[in-house]
Amino acid sequence: MNDLVLIITNKEDLTVDYIVRQLQRDDTPYYRFNTEDIGTAIDVGFDGNDYQITDHRKDFTLALKNVSAVYFRRPSLPEYTANLSPGERAFLMREAECLLEGMYRNLQNRFWLNNVFDIRWLENKPLQLKLAKEIGLPVPPFCISTDTEICRSFIDDHEKVIFKPLKTGFIDEGKERLGKILYTTRVDKKFISKLDSLSEIPIYLQQEIDKECDVRVTVVENEAFAAKIFSQEAAESETDWRKSNDIPRHETYELPNNIREKCLELCSMANLKFAAIDLILDKSGNSWFLEINPNGQWVWIELLLEYPIIQRIGRLLKQGNKGT
């Protein structure tokens with residue numbers, strides 16, 4: 001089978017289900033590669049020229065030379081849980097990771113949404129902040145440091161300060177306990193009293209902007225679908241709307257032209273055809289950049305506001321699959 005879209009993800013990725021249905025509607029051939037099945041339901045081989053994926057459940061073999069477009073989503077590594085020590089399990093997962101890395105590099109000259117190496121490059125928050133400032137996106141004053149005295153000075157210099165994780169904020173407690181998420185939180189006296197105990201880790205502090213609402217911008221190629229998220233209507237969602245038990249009220253929002261163009265420019269700098277950008281609006285209606293997720297979630301935005309994001313992504317993959 002020639003000219004096929006390869007979807008790289010895992011079995012629990014519900015977002016891909018929507019894209020699969022769109023590809024089916026568009027008669028675009030695809031294969032969903034659930035990477036955690038490597039070694040069980042799926043075998044992967046490399047002969048020095050090309051990789052082959054053999055899906056035993058579907059009785060299907062795919063040579064990567066027949067892939068024209070790649071949708072990189074959420075790959076997972078095999079678990080390797082049976083009768084293995086932690087060290088042995090870590091070794092096998094590194095081996096599987098190396099195999100996948102080779103596949104990605106073998107697909108470098110294909111159409112990607114988005115290329116895994118571009119995603120990795122822009123996932124770094126300090127880099128995001130630097131690039132946003134360079135192109136003129138307003139960024140709240142911030143401090144990133146392992147020096148607690150510098151952190152104390154920043155806190156003293158700003159009336160309201162928030163603490164944010166530099167990466168995902170997810171804390172994995174292992175299989176015996178549920179993991180937890182570290183959300184954006186206000187810096188208070190209790191936080192300040194514990195600063196010295198945090199001296200071995202980088203601390204990311206940011207001036208808290210008195211905000212009207214949050215804004216999520218979903219970029220698909222040269223389109224930007226913006227949604228106002230009314231996070232200030234409930235106490236639990238004021239500093240981080242993801243903490244709310246209920247989804248905050250959403251509205252469609254027309255970005256100011258200059259902000260829209262800068263969002264598209266930021267994506268272009270990293271060769272991204274898709275991204276999820278988080279902004280906030282202050283009480284005066286000014287936009288402030290918070291972060292960009294090169295592989296963020298977006299389905300809930302479409303479901304709430306009926307933006308045609310699924311259709312646009314499907315169309316982009318179809319065009320990439322045909323080499324247009």
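Which angle between 0 and 90 degrees, to the nearest 10, do you get for helix 86-106 versus the longest principal axis of the chain when only C-alpha atoms count?
It works out to around 80 degrees.
Take the range 186-324, drop everything but the C-alpha atoms, weight them equally and run the Debye formula without solvent; then report log10 I(q)/I(0) at 0.13 Å⁻¹ to two decimals.
Each listed q maps to, in turn, -0.66.
Using the heavy atoms of the protein chains and a 1.4 angstrom probe, tell me the accessible area per residue for the chain in square angstrom. Please report the intermediate quantities before stating the final value.
Details: 16890 Å² over 324 residues.
Heavy-atom SASA per residue in the chain reads 52 Å².
Largest first and to the nearest Å, give the Cα extent of the range 1-50 along each principal axis.
35, 27, 13
Determine the principal axes of the Cα atoms in the range 238-303, then give the extent along each, sorted from largest to smallest and rounded to whole angstroms.
For the range 238-303, the Cα extents along the three principal axes come out at 36, 29, 20 Å.
As a test of the formula, what do you get for the chain when each DSSP H run with n ≥ 4 contributes -39,500 (n - 2.57) and the sum is divided by the residue count, at 222 nm and rounded to the nearest 500 deg cm²/dmol?
Numbers: 9 runs with 98 residues, N = 324.
One gets -9000 deg cm²/dmol as the mean residue ellipticity at 222 nm.
Taking the simple approach of a point 7 Å from Cα along Cα-to-Cβ for both Thr252 and Glu97, what is their distance in nm?
With each label point 7 Å from Cα toward Cβ, the separation is 4.3 nm.
How much of the accessible area of the chain, probe 1.4 Å, is carbon plus sulfur, in whole percent?
After summing per-atom areas, the C and S share lands at 47 percent.
Mind sorting out which of (1) 21.7, 64; (2) 23.1, 74; (3) 19.4, 61 is the real Rg and Dmax of the Cα atoms in Å computed from the coordinates?
Step by step, Rg and Dmax of the Cα atoms in Å for this structure corresponds to label (1).
Could you order peptides 83-91, 252-260 by the average number of other Cβ atoms within 10 Å of their residues, highest first?
Numbers: 83-91: 10.2, 252-260: 14.3.
In descending order of packing, they fall as 252-260, 83-91.
Got a sec? Which residues in the range 59-85 would a label at Gln24 touch, if it sits 7 Å along Cα→Cβ and we count backbone N under 14 Å?
From the range 59-85, the list is empty.
Set the Förster distance to 30 Å, then compute FRET efficiency between Thr185 and Ser284 from the Cβ-Cβ distance, nearest 0.05.
0.75
How far is helix 309-321 tilted, in degrees, relative to the longest principal axis of the Cα atoms in the chain, given as a value from 0 to 90 rounded to the nearest 10?
Between the helix axis and the principal axis of the chain, the angle is about 40 degrees.
Express as a percent, rounded to the nearest 5, the fraction of DSSP beta bridges in the chain (both residues included) that run antiparallel.
The antiparallel proportion sits near 75 percent.
State the extension gain, in nm to one decimal, for the chain segment bounded by Ser76 and Ala63, taking 0.36 nm per residue of separation less the distance between their alpha-carbons. Spell out each step's value before the answer.
Working: separation 13, 0.36 × 13 = 4.68 nm, distance 2.07 nm.
Extra length available between Ser76 and Ala63 comes to 2.6 nm.
As I understand it, the value is the acute angle between the Cα axis of helix 148-157 and the longest principal axis of the Cα atoms of the chain; what does it come to in degrees, rounded to 10?
Tilt of helix 148-157: around 60 degrees.
So if we plug the beta-carbon distance of Ser145 and Glu236 into 1/(1 + (r/R0)^6) with R0 = 30 Å, what FRET efficiency do we get, rounded to 0.05? Mind showing how you got there, number by number?
Working: r = 29 Å, r/R0 = 0.97.
Calculated transfer efficiency: 0.55.
The values are calculated or read from the model by the stated rules, or taken from the named source; none is laboratory data. Since we're looking at a predicted model, the values are computed, not measured. Ideal geometry is used to build each Cβ from the backbone, glycine not excepted, and the neighbour counts take in all protein chains shown. In case anyone asks, the SASA skips ligands and DNA or RNA and just uses the protein heavy atoms, side chains included. Shrake-Rupley method; radii C 1.70, N 1.55, O 1.52, S 1.80 Å.
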